[in-house]
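Since the structure comes first, as structure tokens, the remarks are kept for the end.
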Amino acid sequence: QALYTLVTVFFFWGFIAASNSVFIPFCKDYFQLDQFQSQLIDWAFYGAYYLGALLLFIFSNILGKDIINKWGYKNSIIYGLLFSLLGALLIFLIEEGNQVSNLNVYYLILLTYFVLALGFSLQQISANPFAISLGDPDKGSNRLNLAGGVNSFGTMIAPLVFTHFAISPSSSLSDVQYFYLAIGGLFFLCASLFFFSKKLPEAKDNSEFLKAPRAMRLLLIITILLGICFYFIFSEYKGENPDPNDSLILQLTLVSLIIVVGGILLSNYLSKKDKDNWGAMQYPQLIFGMIAIFVYVGVEVAIGSNLGELLSNVDSTRDGIDYNPLGLISNNEYAPFITVYWGSLMIGRWTGAIAVFNPSRKIRTWLYILVPYIAFGIILSIISNKIDDISIFYWFAICIAIQIAGFFIGKDKPISTLKIFGALGAIAMLIGIFTTGYVALFAFISGGLFCSIMWPCIFDLSIKGLGKYTSQGSSFLIMMILGGGIIPLIQGKLADIIGIHESYCVTVFCFL
């Protein structure tokens, strides 16, 4: 019962994160934004994960004790849910401007969304070790896989639920606000469930907190430099009729990427002379793991967040002729396709979890073939309530077959699986870029299949050999969820410059 209570927060993370894929195109149309501005939803959401984890690390360093351990996992999750509730209430209280395109209202939404996601950051840092602590440590990974499955279910249904209750051809901002008010009510109920549950222990990690003062300083410098970059970016959008310099904004966003990746690499070089003061950052596997998590989360979010724009009938111009790279669906019919994208991550995660149960070789072979298609069948049954004819999705079974082959070739080895899925993801994105119609559509959607196993593979490889710094290394990896806030911005500004279809070249480099 304790575990079933805990996994509710995993559902929320997936549900809200995937609903961004529909919330972003709504905000773009409603506030008359360019593609870069619309992706600031992700910047606020995933930037909060980074800043929340960083603030906890900084204050823990100053106090010399882990704040999460001081509060306990249960209380930390309750505080996180209440923080998310505050963010949802603030979204509801925003007053609409005199004009639909009022940018100040949009920026207020970004601020309140940031508050909501700060609560998620606190929840995630607490919930993962909490799940491991609820029972036999050897079965901890099983519990996390169950929680991950619930998270994936949340990502799968979110686009359909969001479009059903909040988005329609006549939707207003108030419709969306009432949706988030309802979500806030669920946050409150969940917090109450945690507070009054007698089955949930307080739970703490009693290991010694290890300081890393030089790592803390470097992360602060990175944060300050990022703040400077985005100050100048937002300056380009000031005024009633802003005329932003697209080239400058793209350059500044790329600089922010270089600041993060370059700063992390620099830490590993500097730590060779003073290992103890750098903490977990002295280990090369963690450094490369942080970069890998950054680009993995970035590409996963970028594909989903730009799908609404890619699939909409928003014409661009090529050689003076109106042109749409896909031209398949109308503006209000893209939710089922986004659902299949996020659902494809569930397909991969369910398949990747098979090895945890140690089936015999023969049974494992059959499960690798059957489980993905069972998951696909569940996805089709869900979207069948939204569209009349799902037959076109049957072709996606070919993409699933390719993923199954990748699992067989990878042989449950994280390094091999990561290489294979990274290569398959890059190939899929190239096919999507150089083709049109449903071939391009399913190539892009299949990116979810190849992203699906990356988090556990990268995480496992990154924390091996960290010893007493394992917990600290895990916190650093969670900070790198920041990639979901920066890489979609790069793709968004490229879309403004060269077109949404061509902008998917960013995803190729991420997979590579």
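Take the conditions of a type in the set (Phe, Trp, Tyr), more than 25 Å from residue 281 (Cα to Cα), over 23 Å from the mean Cα position of the chain (by Cα) and assigned to a helix (DSSP H, G or I) and apply them to residue 237. Does it pass?
no
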Contacts under 9 angstrom Cβ, first residue in region 418-438 being in a helix (DSSP H, G or I), partner of a type in the set (Phe, Trp, Tyr) and open to solvent by 50 Å² or more (accessible area, probe 1.4 Å), 6 or more apart: 426/509; 438/395
Residue list for region 401-426, filter: among the hydrophobic types (A, V, I, L, M, F, W, C) and buried (at least 16 other Cβ atoms within 10 Å of the Cβ): 404, 407, 418, 420, 421, 424, 426
Entirely in region 1-74, the helices (runs of 4 or more DSSP H) that have 3 or more residues that are closer than 23 Å to residue 337 by Cβ: 2-31, 35-38, 40-63
Answer from 115, 22, 105, 9 - the residue that is open to solvent by less than 30 Å² (accessible area, probe 1.4 Å), touching a Pro at 6+ places or on another chain (Cβ under 6 Å) and under 25 Å from residue 163 (Cβ atoms): 22
Scope region 28-48; condition surrounded by fewer than 24 Cβ atoms within 10 Å (Cβ to Cβ) and farther than 16 Å from residue 234 by Cβ; matching residues: 28, 29, 30, 32
Tally, over region 427-452, of residues that are buried (at least 19 other Cβ atoms within 10 Å of the Cβ) and either within 21 Å of the chain's Cα centre (by Cα) or among the aromatic types (Phe, Trp, Tyr) (or both): 14
Residue in region 263-284 that is among the acidic types (Asp, Glu), over 30 Å from residue 79 (Cα atoms), open to solvent by 80 Å² or more (accessible area, probe 1.4 Å) and not in a helix (DSSP H, G or I) present: no
Those residues of region 285-295 which are of a type in the set (Phe, Trp, Tyr) and open to solvent by less than 10 Å² (accessible area, probe 1.4 Å), in sequence order: 294
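Go through region 383-400 and count every residue that is in a helix (DSSP H, G or I) and surrounded by fewer than 18 Cβ atoms within 10 Å (Cβ to Cβ). Explain how you work it out, then say what you get.
Start the filter on region 383-400 by keeping residues that are in a helix (DSSP H, G or I), which leaves 383, 391-400.
Now drop any that are not surrounded by fewer than 18 Cβ atoms within 10 Å (Cβ to Cβ), which leaves 391-392, 394-395, 397-398.
Residues that pass the stated criteria total 6.
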Residue, most open to solvent (accessible area, probe 1.4 Å), within region 340-382, restricted to residues that are among the β-branched types (Val, Ile, Thr) and closer than 21 Å to residue 17 by Cα: 378
Leading residue by the ranking (most open to solvent (accessible area, probe 1.4 Å)) among those in region 296-319 that are among the hydroxyl-bearing types (Ser, Thr, Tyr) and modelled with pLDDT under 90: 317
Only one of 256, 247, 271 that is farther than 21 Å from residue 284 by Cβ and out of contact with any Cys (no Cβ under 9 Å at 6 or more places or on another chain): 247
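The values are calculated or read from the model by the stated rules, or taken from the named source; none is laboratory data. Predicted model only: the values in this text are computed from it and were never measured. Cβ: placed from backbone, ideal geometry, glycine included. Neighbour counts: every protein chain shown. Protein only, heavy atoms only, side chains kept; ligands, DNA and RNA dropped before computing areas. Shrake-Rupley method; radii C 1.70, N 1.55, O 1.52, S 1.80 Å.
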